[in-house]
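The block underneath contains the structure these notes are about, expressed in structure tokens.
The values are calculated or read from the model by the stated rules, or taken from the named source; none is laboratory data. The shown structure was predicted, so the numbers you read here are calculated from the model rather than taken from an experiment. Neighbour counts are summed over all protein chains in view; Cβ atoms, including those assigned to glycine, are modelled from backbone coordinates with ideal geometry. These area figures cover heavy atoms from the full protein model, side chains too; ligands, DNA and RNA do not enter into them. Shrake-Rupley method; radii C 1.70, N 1.55, O 1.52, S 1.80 Å.
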Amino acid sequence: MAGGGTEAFPDLGRHCQNPDCNLLDFLPFTCDGCRKVFCVEHRSYKSHGCPGSDHRSRRVVVCEACSAAIDATGEDERAALARHEGSGDCDPRRKKKRVCPVRRCREVLTFSNTSACKACGIKVCLKHRFPADHSCGTGAAAARAAAAAGGRWNDKFAAVLASRGAKKYGKKERG
């Protein structure tokens with residue numbers, strides 16, 4: 001073990017155990033791979049060339065048949081894949097990614113770009129998240145009613161405002 005401290009305080013701090021450094025550090029780091037003491041500059045596995053750097057690492061292999069992630073920590077990748085295929089969990093039908101159900105939309109649905117419609121419950125991509133954009137019964141009916149009320153956006157606005165009980169809208173008349 002490397003000693004530390006100064007003449008006045010012999011138990012204070014530790015010397016970095018990197019052979020090129022030997023810096024007296026008052027807040028040293030102990031590597032959990034090789035159990036040696038290092039300064040802040042040499043505390044990472046890579047900076048001091050730690051032989052035990054992968055002792056706590058996890059390795060994951062992706063099955064090409066079903067796209068499942070398999071934990072391969074502590075064993076060969078081929079052995080992990082063989083174990084997965086033999087377990088009965090490998091289902092090639094799961095390989096297919098879900099896509100947006102809207103016609104002519106081929107967007108793959110992931111956790112970050114999926115939206116569920118509150119009216120019909122269909123999971124669609126973010127482009128089609130509004131009821132008027134997909135084949136939702138309530139949204140399509142509302143869009144058709146708005147289009148029938150008038151083609152321009154201000155006519156639609158006036159119809160909605162009138163339905164809410166507003167008496168007058170638009171420009172004020174001057175006397």
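Dimensions of the range 1-139 from C-alpha coordinates, computed as largest minus smallest value along each principal axis and given longest first, are 83, 40, 21 Å. Normalised by the number of residues in the range 1-87, the mean separation of alpha-carbon contacts (under 8 Å, six or more apart) gives a relative contact order of 15 percent.
Accessible surface area normalised per residue over the range 24-119 is 76 Å², counting heavy atoms of protein chains with a 1.4 Å rolling probe.
Between Phe26 and Glu7, the contour length at 0.36 nm per residue exceeds the Cα-Cα span by 5.4 nm. Net charge of the neighbourhood of Ser115, taken over other residues with C-beta under 15 Å away and scored Lys/Arg +1, Asp/Glu -1, is +3. Taking the Cα atoms of the range 30-84, the ratio Rg/Rh between the radius of gyration and the Kirkwood radius comes to 1.20.
The translational diffusion coefficient of the range 1-54, from Stokes-Einstein at 4 °C and 1.567 mPa s with a Kirkwood hydrodynamic radius over alpha carbon pairs, comes to 116 µm²/s. Remark: the Val62-Ser87 segment gains 7.5 nm on full extension, using 0.36 nm per residue and subtracting the alpha carbon distance.
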